[in-house]
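Heads up, the thing below is written out as structure tokens.
The values are calculated or read from the model by the stated rules, or taken from the named source; none is laboratory data. Quantities reported herein were computed from a predicted structural model and do not represent experimental measurements. Quick reminder, even Gly has a Cβ in these numbers, built from the backbone with ideal geometry, and neighbours come from all protein chains shown. Remember, those area values only see protein heavy atoms, side chains included, never the ligands or the DNA or RNA. Shrake-Rupley method; radii C 1.70, N 1.55, O 1.52, S 1.80 Å.
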Amino acid sequence: GIIDGNKDQESDPDVFSSFPFMRMHPHQTPAWYHKYQHLYAPFLFAFMTILKVFQQDFEIVTSKKLYHIDAHCRYGDPWNVARFWVMKVVSMVYMLVVPCCIHGIGGGLFLFVLGHLTCGEVLATMFIVNHVIEGVAYIAKNRKDEDTTTRPQTLQGVTPMVETVQKTSHKQVPLHDWAAVQCQTSVNWAPGSWFWNHVSGGLSHQIEHHLFPSLCHTHYVYIQSVVQQTCEEYGVPYQAEPSLYTAYGKMMRHLQTLGRPEEEPVPSPFVKAKSE
């Protein structure tokens with residue numbers, strides 16, 4: 001069976017770290033309140049950055065872990081730890097203390113919280129809509145004693161690449177190929193749009209972001225068509241929604257489905273495997 005990895009599946013803490021408040025991965029154990037998550041999700045999204053500033057940052061520097069991701073490569077160095085504390089103080093001074101001095105404590109706190117809630121709502125939405133949406137595939141870790149994963153599957157147990165790879169005359173790309181997994185588990189929206197690429201900081205081109213993490217996001221609009229054409233040529237799924245509005249609607253419907261696994265048209269292979 002699959003390991004109990006409610007917080008230890010796909011390595012994207014910006015998306016899958018909200019459990020148990022939200023169920024965004026089909027392997028996560030469903031709870032009764034998840035059936036309402038599509039209703040309270042926008043409210044929770046707003047707290048993303050303020051929780052990062054006052055909780056996640058401190059947990060990383062003290063535990064040397066970002067949830068299940070080892071952070072010793074950064075915070076194992078005392079110099080980086082010192083930099084963290086210095087910059088944390090500096091940022092609090094100019095983001096909180098200075099506004100309180102200018103606008104009063106009440107006004108400063110209001111602006112600080114309002115700014116974070118606005119930023120959190122926008123950022124969380126643009127993060128989550130790329131990975132928790134209708135049609136996207138999920139990956140899950142396998143047995144505890146094996147460093148393997150199940151093949152990417154949608155919530156209904158379908159691996160889209162099994163079908164798309166049949167349409168190519170090229171040598172078949174393995175389902176577990178690193179680049180192919182990035183494409184199967186990510187979704188773009190407003191592809192090719194310079195405006196949305198700039199506004200989202202490149203998050204609208206999530207597939208390119210995962211494939212080329214060291215490439216500046218300003219280049220995504222120029223390579224997007226090449227990446228899509230290459231995926232089609234080799235039979236690798238490339239899901240792209242026409243707009244953020246469309247993607248947001250599909251995300252909310254998908255959250256509703258994830259919250260009610262008993263109503264899925266086909267039982268989730270992830271949940272089924274867990275009970276075996």
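Within segment 167-190, residues that are free of Cβ contacts under 8 Å to residues at least 40 places away in the same chain sit with their Cβ atoms under 6 Å from residues that are in a loop (DSSP other than H, G, I, E, B), at 6+ positions apart or across chains, in these pairs: Leu175/Arg151.
Can you find a residue in segment 235-243 that is touching a helix residue (DSSP H, G or I) at 6+ places or on another chain (Cβ under 6 Å), farther than 24 Å from His34 by Cβ and free of Cβ contacts under 8 Å to residues at least 40 places away in the same chain? No: zero hits.
Of the residues making up segment 167-185, those that are in contact with a Gly (Cβ under 8 Å, 6 or more places away or on another chain) and open to solvent by 40 Å² or more (accessible area, probe 1.4 Å) are Lys167, His170, Gln172. Pairs linking a residue in segment 58-73 that is within 22 Å of Met92 (Cβ to Cβ) to a residue that is of a type in the set (Lys, Arg), with Cβ atoms under 7 Å and 6 or more positions apart or on different chains, are Ala71/Lys64; Ala71/Lys65.
Could you tell me whether segment 66-87 includes any residue that is closer than 19 Å to Cys119 by Cβ, open to solvent by less than 60 Å² (accessible area, probe 1.4 Å) and assigned to a helix (DSSP H, G or I)?
no
The residue list Leu44, Leu51, Leu66 contains one member that is at pLDDT below 90 and under 19 Å from the mean Cα position of the chain (by Cα), which is Leu66.
Scanning segment 18-43 for residues that are touching a Phe, Trp or Tyr at 6+ places or on another chain (Cβ under 6 Å) and either open to solvent by 30 Å² or more (accessible area, probe 1.4 Å) or without any contact (Cβ under 8 Å) to a residue 24 or more places away in the chain (or both) gives a single hit, Gln28.
Looking at (1) more than 20 Å from Thr125 (Cα to Cα); (2) touching a helix residue (DSSP H, G or I) at 6+ places or on another chain (Cβ under 7 Å); (3) open to solvent by 20 Å² or more (accessible area, probe 1.4 Å), which one does Trp196 not meet, given that it meets all the others? The number of the failed condition is (1).
Being open to solvent by less than 90 Å² (accessible area, probe 1.4 Å), of a type in the set (A, V, I, L, M) and over 32 Å from the mean Cα position of the chain (by Cα) is the filter here; which residues of segment 98-115 pass it?
Taking segment 98-115 and keeping what is open to solvent by less than 90 Å² (accessible area, probe 1.4 Å), we get 98-100, 104, 106-109, 111-115.
This time we only want the ones that are of a type in the set (A, V, I, L, M), so: 98, 109, 111, 113-114.
If the condition is that a residue be open to solvent by less than 90 Å² (accessible area, probe 1.4 Å), of a type in the set (A, V, I, L, M) and over 32 Å from the mean Cα position of the chain (by Cα), then Val98 is the only one that fits.
The residue list Leu203, Leu211 contains one member that is farther than 28 Å from Thr168 by Cβ and open to solvent by less than 40 Å² (accessible area, probe 1.4 Å), which is Leu203. Considering every residue within segment 55-68, establish whether at least one is aliphatic (A, V, I, L, M) and more than 23 Å from Ser17 (Cβ to Cβ). No, every residue in segment 55-68 fails to be aliphatic (A, V, I, L, M) and more than 23 Å from Ser17 (Cβ to Cβ).
Taking the stated definitions as given, is Ile207 on the phi < 0 side of the Ramachandran plot, at pLDDT 90 or above and in a loop (DSSP other than H, G, I, E, B)?
In short, no.
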